[in-house]
Amino acid sequence: MGYKIKDIKLEKTGGKIPVPFFAAEVIDLSVEWKALFKGGLVGEIEVRRPILNFVKGPTEETSQTKIDKEWQDIVNELMPLKLNRFEIVEGEIHYLDYYSSPKVDVFTSNIYILAENLSNVTDSTNLLPSTVTGSAEIYGGKAKLNMKLDALNKTPTFDMNAEMIGLNLVEVNDFLKAYGKFDVQKGSFGVYTEAAAKDGKLARYVACNCNL
């Protein structure tokens, strides 16, 4: 029981930006049968090959950095059930600047994200019952994310670790030239972070590694 939306695009009106804010090959909305067998009537969404484009421009008309809140209402109308499972397959995120010199298109590809038990159907005794895992490719590097959280808590409550290793700095020279006014001939970059939030308090740790 469910339905699919194919070849969706969300574009900023006015014709000032040549790429959509969001596009996806398929959005599959359905009842999560695994949860239904456990007594929970909840929904799941799978998004295949989505592309998210953040654009920096000199004016508001030539920029797009966020989506209107009205789209959240549309999502709620499309999926009237509580969302329990969310999956992204082969996604991309781009940061574009058509006005910089040189022009910038920095992107992350092959994004995979899986969020489960967002409605706390399968484990009501765990303090952090929801899970989010993710991976992506970034210019020869690999990124990973692991998170446990209480998705129903209005106060952010989570335990997370993430890392990105092996990013080839040479491949982001356009970005470095445009905003840092320098370039590199060789080198790699990596970062590791841990963070936890409870009772409104946030603790975090970040370590970076740069080889030139």
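The values are calculated or read from the model by the stated rules, or taken from the named source; none is laboratory data. Predicted model, so just to flag it, every value in this text is computed and none were measured. Don't worry about glycine lacking a Cβ; one is built from the backbone with ideal geometry, like all the others, and counts go over all protein chains shown. The accessibility values were calculated without ligands, DNA or RNA, using every heavy atom of the protein model including side chains. Shrake-Rupley method; radii C 1.70, N 1.55, O 1.52, S 1.80 Å.
Using the Cα centre as the reference, give the magnitude of the dipole from point charges on the C-beta atoms of the stretch 64-212 (Lys, Arg: +1; Asp, Glu: -1; all else neutral), rounded to the nearest 20 debye.
Numbers: 15 positive and 20 negative charges, 98 e Å.
Dipole magnitude for the stretch 64-212 comes out near 480 debye.
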Applying the Karplus parametrisation 6.51 cos²θ - 1.76 cosθ + 1.60 with θ = phi - 60° to the phi angles of the stretch 199-212, what ³J(HN,Hα) value in whole Hz is obtained for each residue in order, glycine and proline being reported as x? 6, x, 10, 10, 10, 8, 9, 9, 9, 10, 9, 10, 10, 10
The stretch 127-194: C-alpha gyration tensor shape, a/c 1.5 cut-off, then a/b vs b/c: prolate
For n ≥ 4 DSSP H runs only, could you compute -39500 (n - 2.57) per run for the chain, divide by its residues and tell me the 222 nm figure to the nearest 500? -2500 deg cm²/dmol
Accessible area of the chain belonging to carbon and sulfur atoms, whole % at 1.4 Å probe: 55
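Arranged from highest to lowest average of other beta-carbon atoms within 10 Å per residue, in what order do the peptides 197-207, 16-26 appear?
16-26, 197-207
Suppose a student asked you for the relative contact order of the stretch 136-197, using Cα pairs under 8 Å spaced at least 6 residues apart; what percent would you report? Each step should come with its number before you reach the end.
Working: 106 pairs, mean separation 21.5, N = 62.
About 35 percent, as a whole number.
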With no solvent and one point per C-alpha, what does the Debye sum give as log10 I(q)/I(0) for the chain at q = 0.12, 0.17, 0.19 Å⁻¹? -0.81, -1.36, -1.43
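Provide TYR112, TYR139 ordered by accessible surface of protein heavy atoms (probe 1.4 Å), highest first.
Working: TYR112 75, TYR139 35 Å².
I get TYR112, TYR139, largest accessible area first.
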Please report how far the C-alpha centroid of the stretch 79-113 lies from that of the stretch 138-212, rounded to the nearest whole angstrom. 15
Mean separation of Cα pairs under 8 Å and 6+ residues apart, divided by the residue count of the stretch 97-181: what relative contact order is that in percent? 28
Heavy-atom accessible area per residue, the stretch 132-212, 1.4 Å probe: how many Å²? 66
Heavy atoms of PHE182 accessible to a 1.4 Å probe, total area in Å² rounded to 10: 100
Karplus-derived 3J(HN,Hα), 6.51/-1.76/1.60, for each residue of the stretch 101-118, Hz, glycine and proline x: 10, x, 5, 10, 9, 9, 9, 10, 10, 6, 6, 10, 9, 10, 10, 10, 6, 5
